[in-house]
Amino acid sequence: MKTGLYLFDTKEREVLEIAASNGQTVRIYCCGPTVYRDAHVGNLRTFLLSDLIVRTLNYSNIKTLLIQNITDVGHMGEDFEGNEIGEDKILSQASSEAKDPFDIARLYEARFHEDLSLLNVIPANNYPRASETIELMISLIKKLISKGHAYLGSDRTVYFDVRTFESYGAISGNRLDSLKPGHRYEYVDDGAKRFHADWALWKAAGNRTQMVWDSPWGIGFPGWHIECSAMSLELLDGAVDLHLGGIDLRFPHHENERAQSNAAVDREVVTNWVHGEHLLFEGRKMSKSANNVVLLKDLVARDLDPLSLRLALLENRYRSQMDLTWDSLKAANSTLNKWREKFADTSGEVDSQILEDKSKEIATNFNQDLDSPRAVQKLRKLEKDESINPATKRAIAEKVDQLFGLDLTRKAAQKRQPKEELLQMLNSRAIARQNKEFKASDEMRDQLLANGISVRDTPLGQEWDWL
Ligand code: AMP
Ligand code: ZN
């Protein structure tokens with residue numbers, strides 16, 4: 001069944017219509033968080049992608065089944081480089097916080113759900129945890145061994161034999177012959193792998209004592225890539241209509257997942273691979289070392305509505321790299337407040353024809369490869385359109401908010417009131433300015449600024465805002 005939703009498919013390198021292969025429900029898998037720290041606004045951009053897709057399909061009355069995994073074991077510090085060395089991210093965080101690794105995992109998992117809820121992300125149907133899916137992974141690994149796609153190394157680690165999977169590299173273009181054993185692929189396991197690009201499905205515990213399980217190959221723990229194959233094959237009945245994740249997961253994570261899943265069932269498991277581009281902050285990649293990691297709670301601390309992040313992200317299409325700034329977040333925050341004030345007006349009669357036409361136009365933008373920037377433009381226009389009465393505008397906003405998820409008809413936020421002495425200063429400054437006492441009014445402006453309040457003079461008088 002076709003859905004009318006078109007998205008850019010990374011593997012086919014073109015915009016394609018998404019379909020429900022079972023004729024009823026679009027089955028979606030989205031790689032979830034590794035729960036060793038709070039999600040930053042970049043991670044949240046990727047999690048918003050699945051929400052926009054689910055909302056767009058549901059708006060057209062199409063059912064969805066979304067699975068998002070929780071990686072609470074097996075994601076090694078260096079996995080993203082293709083190497084199998086490095087420490088498990090959860091274990092290293094647990095040791096630096098002097099806590100039990102499962103406590104760390106559950107803490108950040110709970111925070112992840114809180115963030116999603118603040119961002120109005122509709123929850124997935126299921127959030128399976130890697131640590132609770134071990135049996136499933138073991139049986140998939142057994143199957144891969146029995147079909148000749150995996151082998152037990154001399155180090156008691158089970159590896160995927162990548163040379164048995166011919167179309168490796170189809171998503172990212174990183175074909176095996178171009179994957180030279182350079183620094184990214186140097187293996188450190190002393191010859192335990194047959195080929196430099198093979199990766200671990202099950203790792204021998206070695207000295208590790210926490211987060212380990214028994215298996216047919218001895219005590220150990222699963223690799224990161226196998227969890228997504230095991231979960232998607234099991235929970236989506238062996239057919240994934242749409243697989244999502246951030247662009248960095250295209251290789252090796254998704255190449256490896258595709259190889260494992262297809263090799264296990266001898267067919268193409270995922271129909272469409274869709275990736276969200278990365279988010280920069282103030283022009284730079286977010287990283288701990290650059291000290292520019294921004295979390296949702298940092299917005300809240302600055303008195304910004306968490307949904308201002310949602311609006312700022314919607315102003316860019318999911319597959320273009322985007323630079324987020326504090327200025328764009330502040331602008332989005334004021335826009336949201338302004339819209340909510342405007343859309344609170346219920347005067348007039350709802351014109352059902354206009355309601356239908358305008359909401360259809362906006363839904364079309366979402367269906368066309370999630371053209372959210374254009375949809376946001378339509379909202380801006382609608383708010384200003386003098387030819388449409390307030391009741392109709394409100395009805396449109398209410399309807400299309402099923403797509404935007406911005407709480408457009410929520411009561412506008414009350415601006416936090418300044419302390420009494422600052423309020424008095426604001427008053428005094430307005431009077432000084434009216435009386436053309438510029439020196440005094442400039443001095444008061446500077447004092448207000450030092451207290452976090454910016455003032456602006458407009459033809460209608462003085463306006464102020466929190467910095
Ligand atoms: P992690 O918790 O590190 O496994 O990442 C969760 C998701 O966030 C993955 O799909 C990543 O691809 C994605 N991601 C990581 N960094 C960024 C970023 N700066 N912008 C957008 N998505 C990101
Ligand atoms: Zn994954």
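The values are calculated or read from the model by the stated rules, or taken from the named source; none is laboratory data. Just so you know, these numbers come straight off a predicted model, no measurement behind them. Ideal geometry is used to build each Cβ from the backbone, glycine not excepted, and the neighbour counts take in all protein chains shown. Surface areas here come from the heavy atoms of the whole protein model, side chains and all, with no ligands, DNA or RNA. Shrake-Rupley method; radii C 1.70, N 1.55, O 1.52, S 1.80 Å.
Key figures for this structure:
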{"read-out": "From Ser328, Ser320, Ser352, Ser347, residue being modelled with pLDDT of 95 or more and surrounded by 13 or more Cβ atoms within 10 Å (Cβ to Cβ)", "value": "Ser328"}
{"read-out": "Unmet criterion (only one of (1) modelled with pLDDT under 90; (2) touching a helix residue (DSSP H, G or I) at 6+ places or on another chain (Cβ under 6 Å)) for Gln424", "value": "(2)"}
{"read-out": "Residues (surrounded by fewer than 23 Cβ atoms within 10 Å (Cβ to Cβ) and either within 16 Å of ligand 2 (Cβ to nearest atom) or in contact (Cβ under 8 Å) with a residue 24 or more places away in the chain (or both)) located in region 15-29", "value": "Val15, Leu16, Ala19, Ala20, Ser21, Asn22, Gln24, Thr25"}
{"read-out": "Total residues in region 273-309, condition more than 16 Å from ligand 1 (Cβ to nearest atom) and either of a type outside the set (A, V, I, L, M, F, W, C) or open to solvent by 10 Å² or more (accessible area, probe 1.4 Å) (or both)", "value": "9"}
{"read-out": "Exclusive hit being without any contact (Cβ under 8 Å) to a residue 12 or more places away in the chain, open to solvent by less than 80 Å² (accessible area, probe 1.4 Å) and either assigned to a helix (DSSP H, G or I) or more than 28 Å from Tyr6 (Cα to Cα) (or both), set Leu382, Leu403, Leu423", "value": "Leu423"}
{"read-out": "Condition check for Leu249: near ligand 1 (Cβ under 10 Å from one of its atoms), modelled with pLDDT of 95 or more and either in a helix (DSSP H, G or I) or not assigned by TED's automatic domain parsing to the domain that holds Leu140 (or both)", "value": "yes"}
{"read-out": "Lone qualifier among Ala413, Ala363 - being part of a loop (DSSP other than H, G, I, E, B) and under 27 Å from the mean Cα position of the chain (by Cα)", "value": "Ala413"}
{"read-out": "The listed residue being at pLDDT 95 or above, within 13 Å of ligand 2 (Cβ to nearest atom) and either surrounded by fewer than 24 Cβ atoms within 10 Å (Cβ to Cβ) or not basic (Lys, Arg) (or both), out of Glu234, Glu257, Glu268", "value": "Glu257"}
{"read-out": "Thr409 being in contact (Cβ under 8 Å) with a residue 60 or more places away in the chain, on the phi < 0 side of the Ramachandran plot and open to solvent by less than 60 Å² (accessible area, probe 1.4 Å)", "value": "yes"}
{"read-out": "Test: Tyr108 is open to solvent by 30 Å² or more (accessible area, probe 1.4 Å), closer than 30 Å to Leu299 by Cα and touching a residue at least 12 places away in the same chain (Cβ under 8 Å)", "value": "no"}
{"read-out": "Selection from region 111-152 of residues that are farther than 24 Å from Lys297 by Cβ and in a strand (DSSP E or B)", "value": "Asn126, Ala150, Tyr151, Leu152"}
{"read-out": "Flag if Ala430 is over 38 Å from the mean Cα position of the chain (by Cα), assigned to a helix (DSSP H, G or I), more than 21 Å from Thr335 (Cα to Cα) and modelled with pLDDT of 90 or more", "value": "no"}
{"read-out": "Helices (runs of 4 or more DSSP H) within region 281-359 that include 3 or more residues basic (Lys, Arg) and more than 21 Å from Leu379 (Cα to Cα)", "value": "none"}
{"read-out": "Val274 away from ligand 2 (no atom under 11 Å from the Cβ), touching a Leu at 6+ places or on another chain (Cβ under 6 Å) and either within 30 Å of Asp161 (Cβ to Cβ) or small (Gly, Ala, Ser) (or both)", "value": "yes"}
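Residues checked against (1) surrounded by fewer than 20 Cβ atoms within 10 Å (Cβ to Cβ); (2) modelled with pLDDT of 95 or more; (3) of a type in the set (S, T, N, Q):
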| residue | (1), (2), (3) |
| --- | --- |
| Gln93 | no, no, yes |
| Val158 | no, yes, no |
| Leu176 | yes, no, no |
| Lys180 | yes, no, no |
